[in-house]
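Notes for the one structure printed next.
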Amino acid sequence: MTSQKARILLVDDHTLILQGIKHVVSQMPEIEKVYTASSGTEAMLLIDMQPFDIYLLDVELPDTNGFELIDKILQKHPEARILVNTMHEEIWILKRLTKASISGAILKSADINELTLAIQTILKGGQYLCKRFKTILNRMQTEEQIKEQLTLREMEVLQAIAKGFNTREIADLLHVSNNTIETHRKSLMSKLEARNAVDLVLKAINLGIIPLDSK
């Protein structure tokens, strides 16, 4: 970042949150001026008039999808540095955020220090992901790695175990021998580092490998 102070645009439809963030950000020595908008339309009016050094916005706005606003900002200013500030931590949100061309994402529940750190990091040209999002992302990566390790037949056996079927029932269902099912069971226990069948199913559900209603 240069010695010149930055201009930041805050976009959020909750007045209390908007004013609270403005109060915090306006006291940062890196920030020259704080602009605010409570809708996507209002934000674009400001963006059409001038570019900003950083855009801090929610993905849930009353008149537009936050991801659509991100696309519009990047179309107008391809080098824009965008920090998403959201209350949502659902996996689908995080997946969309990781695919979007943004500089960072932070939860609204994060403390003031993490918010200012995120802004400072992005203004210096870095990227920032809050601790909670990093935890979820690591979990998603672990889930994908384990899924890649499981064969199609192991997935079938795992789903049958989750439904409460025993070895003989699974063998009959899949038209294979008991020994074959036991081999798959041992492989599953090893790959998921499970102690027993209950632990195996719980770990599979927690990792998102099988849905909760599989039980």
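Identify the residue in the range 1-34 that is hydroxyl-bearing (Ser, Thr, Tyr) and either surrounded by 20 or more Cβ atoms within 10 Å (Cβ to Cβ) or within 15 Å of Ile119 (Cα to Cα) (or both) and, among all such residues, is modelled with the highest pLDDT.
Per the criteria, the residue is Ser26.
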Could you please let me know if Asp53 is of a type in the set (Asp, Glu) and modelled with pLDDT under 95? no
I'd like to verify a number: residues in the range 35-53 that are β-branched (Val, Ile, Thr) and either in a strand (DSSP E or B) or open to solvent by 20 Å² or more (accessible area, probe 1.4 Å) (or both), how many? 2
If we take the range 99-215, then helices (runs of 4 or more DSSP H) inside it with 1 or more residues that are over 30 Å from Lys72 (Cα atoms), open to solvent by 30 Å² or more (accessible area, probe 1.4 Å) and touching a residue at least 12 places away in the same chain (Cβ under 8 Å) are 131-149, 152-162, 167-174, 178-191, 197-206
Just one of (1) closer than 30 Å to Asn206 by Cα; (2) in contact (Cβ under 8 Å) with a residue 12 or more places away in the chain trips up Glu90, so point out which. (2)
Single condition Val84 does not satisfy, out of (1) in contact (Cβ under 8 Å) with a residue 40 or more places away in the chain; (2) closer than 24 Å to Lys134 by Cβ; (3) assigned to a strand (DSSP E or B): (1)
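The values are calculated or read from the model by the stated rules, or taken from the named source; none is laboratory data. The structure displayed is predicted, hence computed values, not measured ones. Because the Cβ atoms are built from the backbone with ideal geometry, glycine has one as well, and the counts that use them run over all protein chains shown. When the accessible area is computed, the model is the full protein with side chains, heavy atoms only, and any ligands, DNA or RNA have been set aside. Shrake-Rupley method; radii C 1.70, N 1.55, O 1.52, S 1.80 Å.
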